[in-house]
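One structure below.
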Amino acid sequence: MKKNTINKWIPKKLHKGALHRQLNIPKSSLIPRELLVAILNTRTGNRLKNPSSVGRRSFTVTKLLKERARFAFEAKGFNHHV
């Protein structure tokens with residue numbers, strides 16, 4: 001497949017690096033699984049203290065943040081080396 005057709009099924013707001021930028025975590029480091037789980041378990045609109053030592057200390061959970069976290073959580077199980 002061509003490169004431009006591969007990314008068509010991924011919405012633009014979920015593209016690579018968006019969650020890293022939103023959480024202020026360098027792209028060179030992984031987003032901790034405990035942080036993704038904490039984001040998914042917190043209700044939208046509430047403040048969340050970061051349980052890990054990477055990135056911003058606290059932030060408000062938004063719908064977009066939850067969508068990005070859900071995608072990242074599920075993408076960890078993908079086979080990236082196809």
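Each reported figure results from applying straightforward, stated rules to the coordinates on display, with no laboratory input. Small disclaimer: the values here were computed from a predicted structure and weren't measured. For neighbour counting, all protein chains shown are included, and Cβ atoms are generated from backbone atoms with ideal geometry for every residue, glycine included.
Would you work out which of Leu64, Gly45, Leu35 lies farthest towards the positive end of the dipole of segment 31-82? Charges go on Cβ: Lys and Arg +1, Asp and Glu -1.
Towards the positive end, the residue furthest out is Gly45.
What are the extents of the Cα atoms of segment 31-82 along their three principal axes, listed from largest to smallest and rounded to whole Å?
38, 23, 14
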